[in-house]
Amino acid sequence: TQLLEQSPQFLSIQEGENLTVYCNSSSVFSSLQWYRQEPGEGPVLLVTVVTGGEVKKLKRLTFQFGDARKDSSLHITAAQPGDTGLYLCAGGGGGTSYGKLTFGQGTILTVHP
Amino acid sequence: DAGITQSPRYKITETGRQVTLMCHQTWSHSYMFWYRQDLGHGLRLIYYSAAADITDKGEVPDGYVVSRSKTENFPLTLESATRSQTSVYFCASSEGRGWYEQYFGPGTRLTVT
């Protein structure tokens, strides 16, 4: 069974601080995705990384895929209250049945004004 | 462009009753998924479908039934609801090729009393 471990599980910070969320596995994935979920809504896809070492930026969010394609990180610079939500990483391929994703448990981020 | 919709958004039912949650997508995606989301468990896959008339069990299928007679619809039925099935249910769809990206509906909050 493939597992994706996210850390930390909870993160409570002040506006303007930087933070990093980690997503680790012992398995290799073909792709790694990050989703954000706000209360009362479904997860929304933020980014997909597919190449080992790949870095993608989305405004203040920086996503990195590990060289071995087993881990990923999400870094937020100068966090804002609007960044509050549940962040989920999900891995595709790498032994899961075609089409399915393996989800991490999520990181609940709260940014205080 | 409606994307992916779920109905009802909220449902309260009694133990032992049958209840059906609806999911409809307008993208003609081949893959569709049902997840449940509970505190402490993240997203758990109940059933998925690779195409019309092709379905398969996920991680937690017991007590649930699915069907997919048309590409755009993927209803989830709880044959005899139990309190342990109180949860938030998300439907998702995916093109089924490329990088396995999934697009989620807004969710159905189900309470079984």
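Compute the distribution of all C-alpha to C-alpha distances in the stretch A:5-112, in bins of 5 Å from 0, and list the percent of pairs in each, rounded to whole numbers.
It works out to 3, 13, 24, 25, 19, 10, 4, 1, 0, in whole percents.
What Cys residues in the protein assembly as shown have no fellow cysteine's beta-carbon under 4.7 angstrom?
Singleton cysteines: none in the protein assembly as shown.
Regarding chain B, what whole-number volume in Å³ per residue does the convex hull of its Cα atoms give? Spell out each step's value before the answer.
Values: hull volume 10.5 nm³, N = 113.
So the per-residue hull volume is 93 Å³.
May I ask you to sort A:Phe10, A:Phe63 by Cβ crowding, counting other Cβ atoms within 10 Å and putting the fewest first?
Starting with the residue having the fewest Cβ neighbours, the order is A:Phe10, A:Phe63.
If packing is taken as the average number of other Cβ atoms within 10 Å across a peptide's residues, how do A:54-60, B:91-97 rank, most packed first?
Per-residue Cβ counts within 10 Å, averaged per peptide and sorted highest first, yield B:91-97, A:54-60.
Residue-wise, which Karplus ³J(HN,Hα) couplings in Hz belong to the stretch A:77-83, taking 6.51 cos²θ - 1.76 cosθ + 1.60, θ = phi - 60°, and x for glycine or proline?
Running phi through 6.51 cos²θ - 1.76 cosθ + 1.60 with θ = phi - 60° gives 9, 6, 4, 10, x, x, 7 Hz.
Within a 10 angstrom radius of each residue's Cβ in A:36-47, how many Cβ atoms of other chains show up on average? Whole number is fine.
4
How much length is gained if the chain between B:Asn73 and B:Glu59 is pulled fully straight, taking 0.36 nm per residue apart and subtracting their Cα-Cα distance, in nm to one decimal?
Extra length available between B:Asn73 and B:Glu59 comes to 2.9 nm.
Can you list, bin by bin at 5 Å, the percent of alpha carbon pairs in the protein assembly as shown, starting at 0?
1, 7, 15, 18, 18, 16, 12, 7, 3, 1, 0
None of the figures in this text is laboratory data; all of them are computed from the coordinates on show. Everything numeric in this text was worked out from a predicted model, so none of it was measured. Positions of Cβ are generated from backbone atoms using ideal geometry, with glycine treated the same way; all protein chains shown enter the neighbour counts.
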